[in-house]
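Rule-based calculations on the coordinates, nothing more; no lab input. Computed from a predicted model, the values in this text were never measured in an experiment. So basically every Cβ, Gly included, is an ideal-geometry build from the backbone, and we count neighbours across all protein chains shown.
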């Protein structure tokens, strides 16, 4: 019996034999076949072509099908494989697929996934295939399986194509299943406009859920600040707030960019929903509100944090923020008490704590406390301060007129291994100028420039300011040369430098230098803006001056000028020794009783009128936000220096009519001129108009109050004002003491004026040449020649160099002594 012929598989089975596991999720079990014959073995040795014709269908070869299956989604059968191959080959040549190419029956899910996951197909082909093969009314399971795959493909390779899916998702019977994924894909690819269009077109019942899903993506976007308007719109309607970590990132970004309104909007919305029990959230908010002088909110947050469930324990960052808040608000005495409570609570201060405390003490002229804190940091605590702490202390010594101590402190910096920075050199140069050592400051600057050591644009700006302040032609020309050097060295020529030049040009009348400086400064846009602003200002000032007396129509006042104490901020700083009121409950277990006391009285704080230890600056230099105010301050100082008060008032009127607000420097400049001309009602009118609503009062404001009271002959009130300010923590500088000494001497209260000298020394300040000149003058005019001679000898013993005013006073003193000798005994 002849053997049976070997088994030969049909074409379909032969092809299936060449398609192993990749054809479907489960392997096919083919029937066992006999060993290949010689002819079959020879055929297997032939190179396989890419395609093999079987009947009338072009079938892919085994390797091609294997590559197709492994690269994309697995298929469930031969028919699916053939259909997927045909569709993929067509989409590789053209992105559009004709309806005739699609079968009448719905495409199987494996075929759809295979096309959508195919790595060789372009995103446009996948999108056109999906829209042609899928209906918005398709079964939800089908959409749930294919729509996310398409979103990932488009988001990775072509995000703009995601916009075309919005009409599809909106027309679906179940948009709640498609819109969240589409929104997430749009936000992850920074398609913010398309995401907002989706939210506007979304069904109202779905909007809260979409808003809640969009907020984390908006906050985590590469440019979260550009998404702030959208966040403000979505936050109130979201079904739930974003995670506290995302909220912290948003609040921190808003705080760094100084976006107060946006920060308050987010904070208020979080308060409405319930503040999170998160320590970092409270630390960020306390620091931010303190930076914006909202001391009441910062203290309330501290109390809320301790009253939370479970209560949050303040850490070193919390205390650092609170201390910085108190320092910014001029409440340095309270800051020192909180510093002691911090240590009693077992929290060790770090270098940032000492940086805040030392800076506050230096700005408020509490140099003894500042030096004590510095020695504590170096000694008992063992912390090594950074250059910022040393610079703050150095600046405070210069401002307190302690020149010898400041120069000696520089040696301390070197001994402690602190590398002097450019800010250190700037502080020394500026301090030498303000202490009457202009020659030493110039010598230091030119030596540093010659050695090529740390000098930045601020050092050059200080030199330009001082050269232009004198207003002589040679010095202004030297300032122009420094500006040219700044341009060559690549330093930024800011508005401070340019306005200093404008002041110098007006004083020296060197208008040729103004034309020269335009040619020098090429890369700055500030100078053209300043020149354009000046031209517009001169056009606006050409109108008639229709007021009979300078400033009376701008600041009318009908109140009582004797009500001076009402002008003082009643809550500038609480008395640290004040006992808790009887009806106030006291927590004996609290580790921060003083802070608790401040938080309970936070509602009474009028923060906008808060005293600030930072003296008002002519130029704030914050770009477009303060450009108009900076230019107004500059030209007001020019006009007032020339005695043109009416022109300055007209400029101020034009400025305020435009809806702009002045700074402390603006109002202090006007009040200074009013005091000099005797327009005391206008001074009181400015103070009442400010009323704490325009800008915080600085030390110069209170100097003007003392000077105005002295001119009115109300020295008793002036003394009471100083006593009240001292009790409330407003720290007077040497100018205020000199003003009061002069006013007391004019009304014959020489003994009281002499006592103020010891008070100056007790407060850690050093009297300057103006102090001794005033004391010598008032004692000489009062016939107290021995006291005048005593103060003269004391001034010489303390190394204070006399000036031209001293010579005039000495001439008068010499005449008085000669008259005394000629009188018969």
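Things to note:
- Alpha carbon centroid spacing (whole Å) that separates region 392-411 from region 267-291: 39 Å
- Residue 271-residue 716 FRET efficiency (beta carbon distance; Förster radius 56 Å; 0.05 resolution): 0.70
- You can think of it this way: the chain between residue 419 and residue 157 has 89.2 nm of extra reach, that is 0.36 nm per residue less the Cα-Cα gap.
- Label-point gap, in nm, between residue 232 and residue 340 - each point 7 angstrom along Cα→Cβ: 4.5 nm
- Approximating the spin labels as points 7 Å out from Cα along Cα→Cβ, the residue 657-to-residue 446 distance works out to 4.9 nm.
- Put in line by how crowded their Cβ is, counting other Cβ atoms within 10 Å and starting with the fewest, 542, 763 read 542, 763.
- Across all Cα pairs in region 733-825, the calculated P(r) in 10 Å bins from zero up to the longest distance comes to 17, 51, 27, 5, 1 percent per bin.
- Sorting 649, 420 from the fewest to the most surrounding beta carbons within 10 angstrom yields 420, 649.
- Here region 220-259 is scanned for amide nitrogen atoms under 15 Å from the site 7 Å beyond the Cα of residue 388 along Cα-to-Cβ, giving 256.
- Subtracting the Cα-Cα distance of residue 240 and residue 201 from 0.36 nm times their residue separation leaves 12.0 nm of extension gain.
- In plain terms, the chain from residue 677 to residue 102 could stretch by 197.6 nm, reckoned as 0.36 nm per residue minus the Cα-Cα distance.
- Label zone at residue 484 (point 7 Å along Cα-to-Cβ), backbone N below 14 Å, region 421-464: none
- Label-to-label distance, nm, for residues given as residue 309 and residue 472 (7 Å Cα→Cβ offset): 7.6 nm
- Between region 760-798 and region 453-514, the alpha-carbon center distance in angstrom: 37 Å
- Highest mean packing comes first when the peptides 664-671, 750-757, 202-209 are listed by Cβ atoms within 10 Å, giving 664-671, 750-757, 202-209.
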